[in-house]
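Encoded as structure tokens, the structure appears first; notes follow it.
The values are calculated or read from the model by the stated rules, or taken from the named source; none is laboratory data. Note that this is a predicted model, so its numbers are computed, not measured. Positions of Cβ are generated from backbone atoms using ideal geometry, with glycine treated the same way; all protein chains shown enter the neighbour counts.
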Amino acid sequence: MGIKPRPKNCFVETHKAELQIKQLCDGLTEDYFLDETENHNKTLITVTNTSETYCEMELIVNEKSYPRIPSGRSFAVQQEDVRSVSIRCHERPPITVTVTTSPTVTVTQTKPITVTQTEFPTVTVTQPPVTVTQTEFPTVTITQTQEAILEQVADYCTGTLTIQKTFCICCDE
């Protein structure tokens, strides 16, 4: 006759957290959920990006990154033994703009001349001097093109994060 194991009283519990996300799109990570219990769990995590400006959310679960979530989209993942959930927001990559000087510079000269143009409409950049050598024509028109990277103000990333954690608890009778 074998020894019977003691019966256990086990039950399943589900906890749910619905969190609002609002953080700068600055590439920094913010923690939204930390589990400091020892319970084995299965967790369903849903992220919805409701940002009105360009901002991609990156979901990080237990230090594992998932694909970026663009504005207007949702992403869900189920994972075992979730210990932490974080969000990292990414802003739009820098925009490169090509600006043509206006008005163009007209130079009438019979000797070599250096022309430096530093004023642009709405974007100010400093560019290297342009050297024009006049030998054949009495008038030269110079039109320059300059690339500038526009500085952006960081936008806010907004959305919702739902974490539904299911686990089993067993108690001795």
Options 22, 16; residue that is modelled with pLDDT of 90 or more, assigned to a strand (DSSP E or B), under 19 Å from the mean Cα position of the chain (by Cα) and under 21 Å from residue 159 (Cβ atoms): 22
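Against the definition (of a type outside the set (Ser, Thr, Tyr) and under 11 Å from the mean Cα position of the chain (by Cα)), how does residue 83 come out, yes or no?
Here the answer is no, as residue 83 does not meet what is asked.
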Filtered residues of the stretch 17-28 (kept if closer than 12 Å to residue 86 by Cα and surrounded by 14 or more Cβ atoms within 10 Å (Cβ to Cβ)): 19, 21, 23
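Identify all residues within the stretch 67-80 that are over 13 Å from the mean Cα position of the chain (by Cα) and part of a loop (DSSP other than H, G, I, E, B); write none if there are none. Quick ask: steps written out before the conclusion?
First pass over the stretch 67-80, keeping only residues over 13 Å from the mean Cα position of the chain (by Cα): 72-80.
Matches in the stretch 67-80: 72, 73.
Can you find, within the stretch 38-52, the residue that is farthest from residue 79 (Cα to Cα) among those that are exposed (fewer than 15 other Cβ atoms within 10 Å of the Cβ) and either among the small types (Gly, Ala, Ser) or touching a residue at least 60 places away in the same chain (Cβ under 8 Å) (or both)? Quick ask: steps written out before the conclusion?
First pass over the stretch 38-52, keeping only residues exposed (fewer than 15 other Cβ atoms within 10 Å of the Cβ): 38-40, 52.
So of that shortlist, the ones also either among the small types (Gly, Ala, Ser) or touching a residue at least 60 places away in the same chain (Cβ under 8 Å) (or both) come out as 39-40, 52.
Values: 39: 14, 40: 11, 52: 29 Å.
The residue in question is 52.
I need a count of the residues in the stretch 33-55 that are among the charged types (D, E, K, R), under 25 Å from residue 14 (Cα atoms) and either in a loop (DSSP other than H, G, I, E, B) or not assigned by TED's automatic domain parsing to the domain that holds residue 81 (or both).
Adding up the residues that qualify gives 3.
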